[in-house]
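Below is one structure, written out as structure tokens; comments come after it.
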Amino acid sequence: MRLMFERDLTPHPQYAAFYKWLQNEFGADAVIHFGMHGTVEWLPGSPLGNTGYSWSDILLGNVPNLYLYAANNPSESILAKRRGYGTLISYNVPPYGRAGLYKELVALRELISEYREDPEKNYLLKEAICKKILDTGLEADCPFAEAKRLGIEFTPENARLFSNQAFQNYLVQLYDYLQVLENRLFSAGLHVLGEPPDSESLRQYLQAYLGDTLPETVITDIVNGADLPTALAHYHAQALPTEPSRQIDPELSDRINEAILIRTLLQQTTDELTNLLRGLNGEYIPPAPGGDLLRDGPGVLPTGRNIHALDPYRMPSAAAYERGREIARKIIDQHLREQGTFPETVAVMLWGLDAIKTKGESLGILLELVGAEPVKEGTGRIVRYELKPLTEIDHPRIDVIANLSGIFRDSFGNIIELLDDLFQRAATADEAEDLNFIRKHALTLQAQGVENASARLFSNPAGDFGSLVNDRVVDANWESGDELGQTWQGRNTFSYGRKDKGQARPEVLNTLLKTTERIVQQIDSVEYGLTDIQEYYANTGGLKKAAEMQRGKKVTASFVESFSNDTTPRKLEDLLRMEYRTKLLNPKWAEAMVAQGAGGAYEISQRMTAMIGWAGTTDFKDNWVYDQAADTYALDPAMAEKLRKANPEAFRNIVGRMLEAHGRGFWHPDQEKLERLRQLYEIADEELEGVAM
């Protein structure tokens, strides 16, 4: 697979022969690339449009390419169009579920509730509550400030040393956090192509989109097929029985109408198969914007459409700019509270997917940090990012490492040129160095004789993709986290702008990494969070490790979940714990995935690999995560049997990653648990090799 992405290598003979065989011997009338994403559009060649020397052009030839693609990934789908000649047919995301609470978390909530009923009478529960908090690792998510202030270790034995009032205040904080966990969304299983949601799945979509804005009884009516008058009448009879003349809130009618529209559009999921057949028949497939229902609303439905992205000359949109500014100000405020100073350099991850889905919020973050704003021409297109006067911003100009994904680099050349122009003007602005860190760092580089001291846009080599950090983690081909940081750095020293088209500028990157104090990134969907795919640790984790190696101290990484209305940046470690609790370690999520057979087992396996990646790049080694993962997927006999039957290779990887975590010192299980895992791995390995009876 790695060879597919190497710009200096040709596809291997078997790969090339297969595509030529499809054209010349099999005589295919069309090709269907099923699912997101394949490899042919990533082959070496021109990044913006094929020439006759581009391998994707050579291998696809004139065969029509119908490409089934996730509706919520308009970014990478553009590459499938541009280089793979794909006619896209979008498919829906899985239904959403609420995480709920389970096992020890339920027991903890019950203990807290009982204690709070009568703290004086139930004071003996303090020790049990403390033990549950420690057993579940929640003290990392919700540290007890009073224990830290007094310098007393938070243990069951010390529980009685804390005042009742301080302990009760802590339990209020902890109870609120448990509610956050309980209400977090996750993807419930996998989507089945062309299959509209059943009643329960429809309810999950509507609850996730509408939140608490519609009463549960109204949602039930809509799921059962009610129209607006029926739903309103039922609500009126239940909610306002004593005031029959009271007017219904017009906003309620609007929300009901929107819910009915979503129901109607979701029932058209059958278009996914219908339009695939239309494409095979040479017929027109209607277009639609790609996006996410939770963020973009019903305009992204129905699926089964030839999806497109947005106009790159209008990024960021007005709303995205303001939301990005708000995020940036919160990042600055957090740093001021924690460090007492402004950060000199912040790394901003510019990924094509979240930039398209949010209409450029990450650009809004960058512009606010630098102290700049978009300037539009008469048509509404953005022609310049203008520096604001220092008197109009309430912070210095903060320097930025803009780390570009390959998709962003290749899709937004106009934005790259505008940003490069912005950084050059900031670097030469006649401003004091303590109010303009971009100028400060540029002058340092110039004094060293470094060329293009204002270069701030870094990515992989031109025409190439990926940091290779995930390749090393997947292959277990690394010894220390520093190796992973070096791998990221070696793959991201390439500068882009008006003149630079992939020139290596390691001196500039190294200097900026030494002053990088924070990293900020957006997460654009419920389906793919930090723990779900390899790209987050491979890029953001790799950058974090590289910066820490240069600085000699820890660097804070923060994430904003852009699919929600909340713009609060969460620290990496806090969000990892939250995601592990609500997804990987959650029996509801696990059962939904296992129910999908081989595909679901593969998804679980991928997340176990990502767990190793996060430990390697960020030193995230919470023992309870590994303990519960082993108990849930390997040491539960019923679950292990389901996984082994559904996908033996995935099960071997799950067990193998647990053993790898122990071998690398990330996890310290008891000897009995370790021995059981070794036996499971040996059995799984023998079965795959055909040794077992």
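Of the peptides 609-622, 537-550, 279-292, 321-334, how do they stack up when ordered by the mean number of other Cβ atoms within 10 Å, highest first? Show your work: numbers first, answer last.
Working: 609-622: 22.6, 537-550: 26.0, 279-292: 16.1, 321-334: 19.9.
Going from most to least packed, we get 537-550, 609-622, 321-334, 279-292.
How much accessible area per residue does segment 154-299 have, in Å², with a 1.4 Å probe?
Roughly 50 Å² per residue, with all protein chains present.
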Query raised in the report: In straight Cα distance, which aspartates and glutamates are under 16 Å from LYS673, not counting same-chain residues fewer than 8 positions off?
Result: ASP627, ASP631, ASP636, GLU660, GLU682
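When averaged across all projection directions, what area in nm² does the alpha-carbon convex hull of the chain cover? Walk me through the numbers on the way to the answer.
Values: hull surface 147.1 nm².
With the hull built on Cα positions only, its mean projection is 36.8 nm².
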Report summary line: With every protein chain kept in place and a 1.4 Å probe, the residues PHE34, PHE162, PHE18 fall, from largest accessible area down, as PHE34, PHE18, PHE162
Query raised in the report: After finding the eigenvalues of the alpha carbon gyration tensor for segment 227-373, what semi-axes result from the square roots of 5 times each, listed largest first in whole Å?
Result: 39, 29, 11
Query raised in the report: Between ALA595 and LEU674, how many nm apart are label points set 7 Å from Cα along the C-beta direction?
Result: 3.8 nm
Report task. Mind putting together the pair-distance distribution for segment 291-447? All Cα pairs, 5 Å bins, whole percent per bin, short to long. Result -> 2, 9, 17, 21, 19, 15, 9, 5, 3, 2, 1, 0
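Starting from the Cα gyration tensor of segment 86-230, multiply each eigenvalue by 5, take the square root, and state the resulting semi-axes largest first in whole Å. Display every interim value, and only then the final one.
Details: eigenvalues 363, 68, 28 Å².
Those come to 43, 18, 12 Å.
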**Report entry** Potential extension, ALA107-ASP574 segment - 0.36 nm per residue separation minus Cα distance
**Finding:** 165.9 nm
Query raised in the report: Under a point spin-label approximation (7 Å from Cα along Cα-to-Cβ), what is the GLU25-GLU139 distance to one decimal in nm?
Result: 6.6 nm
Report summary line: Rounded to the nearest 500, the 222 nm mean residue ellipticity computed for the chain from DSSP H runs (n ≥ 4, each -39500 (n - 2.57)) alone is -15500 deg cm²/dmol
Query - Debye log10 I(q)/I(0) for segment 97-169, one point scatterer per Cα, at q = 0.15, 0.23, 0.24, 0.27 Å⁻¹ - result: -0.50, -1.11, -1.19, -1.43
Query raised in the report: To two decimal places, what compactness ratio does segment 376-431 give when its Cα radius of gyration is scaled by 2.2 N^0.38 Å?
Result: 1.31
Query raised in the report: How large is the Kirkwood hydrodynamic radius of segment 432-535, in angstrom, based on all distinct alpha carbon pairs?
Result: 15.8 Å
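Show me 149-155, 345-351 ranked by packing, highest mean number of other Cβ atoms within 10 Å first. Before the final figure, lay out each step's value.
Values: 149-155: 11.9, 345-351: 25.1.
Output ranking for 149-155, 345-351: 345-351, 149-155.
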Query - DSSP H segments from the chain that extend 20 Å or more along their own axis, Cα-based, with Kyte-Doolittle mean of 1.6 or above - result: none
Query raised in the report: Using the heavy atoms of the protein chains alone and a 1.4 angstrom probe, what is the accessible area of segment 409-526 per residue in square angstrom?
Result: 36 Å²
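Expressed in nm to one decimal, what extension gain is obtained for the pair HIS12 and GLN503 from 0.36 nm per residue of sequence separation less their Cα-Cα distance?
On the way: separation 491, 0.36 × 491 = 176.76 nm, distance 2.80 nm.
Length difference between fully extended and current span is 174.0 nm.
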Query - LEU390-THR217 pseudo-label distance in nm [points 7 Å out on the Cα-to-Cβ vector] - result: 6.3 nm
Report summary line: The Rg/Rh figure for segment 49-96, Cα atoms and Kirkwood Rh, to two decimals is 1.08
**Report entry** Extended-chain gain in nm, criterion 0.36 nm per residue less alpha-carbon gap, GLU377 and LEU228
**Finding:** 49.3 nm
**Report entry** Anchor LYS376: aspartates and glutamates whose Cα lies under 13 Å away (excluding residues fewer than 8 positions away in-chain)
**Finding:** GLU386
Query raised in the report: Okay, which of segment 660-675 sit inside 13 Å, backbone N to the point 7 Å along the Cα-Cβ direction of ALA476?
Result: 660-665
Report task. Could you tell me which of the pairs LYS103/LYS131; LYS132/LYS330; LYS499/LYS544 are separated by over 21 angstrom between their Cα atoms in the structure shown? Result -> LYS132/LYS330; LYS499/LYS544
Requested in this report: At a temperature of 4 °C and a viscosity of 1.567 mPa s, determine how fast segment 19-106 diffuses translationally according to Stokes-Einstein, using the Kirkwood radius over alpha-carbon pairs as Rh; express D in µm²/s, rounded to the nearest whole number.
Outcome: 88 µm²/s
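Pull up the DSSP beta bridges for the chain and report the antiparallel fraction as a percent, rounded to 5.
Details: 15 of 46 bridges.
Here the antiparallel bridges make up roughly 35 percent for the chain.
Express the carbon and sulfur contribution to the solvent-accessible surface of the chain as a percent, rounded to the nearest whole number, probe 1.4 angstrom. Intermediate results must be reported in sequence, preceding the final value.
Working: 14360 of 28690 Å².
Its accessible area is 50 percent carbon and sulfur atoms.
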Query raised in the report: Where does the Debye-calculated log10 I(q)/I(0) of segment 166-295 sit at q = 0.13, 0.14, 0.16 Å⁻¹, using only Cα point scatterers of equal weight, no solvent?
Result: -0.74, -0.81, -0.94
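How much FRET efficiency would the formula 1/(1 + (r/R0)^6) give for LEU48 and HIS308, where r is the Cβ-Cβ distance and R0 is 22 Å, rounded to 0.05?
Working: r = 16 Å, r/R0 = 0.75.
Once the sixth-power term is evaluated, E becomes 0.85.
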Query raised in the report: Which three lengths, in whole Å and largest first, does segment 475-565 cover when its Cα atoms are put on their principal axes?
Result: 38, 38, 27
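The values are calculated or read from the model by the stated rules, or taken from the named source; none is laboratory data. All of these numbers come straight from a predicted model, not from anything done at the bench. Every residue, glycine as well, gets a Cβ built from its backbone with ideal geometry; the counts of neighbours run over all protein chains shown. SASA here: full protein model, heavy atoms, side chains in, ligands and nucleic acids out. Shrake-Rupley method; radii C 1.70, N 1.55, O 1.52, S 1.80 Å.
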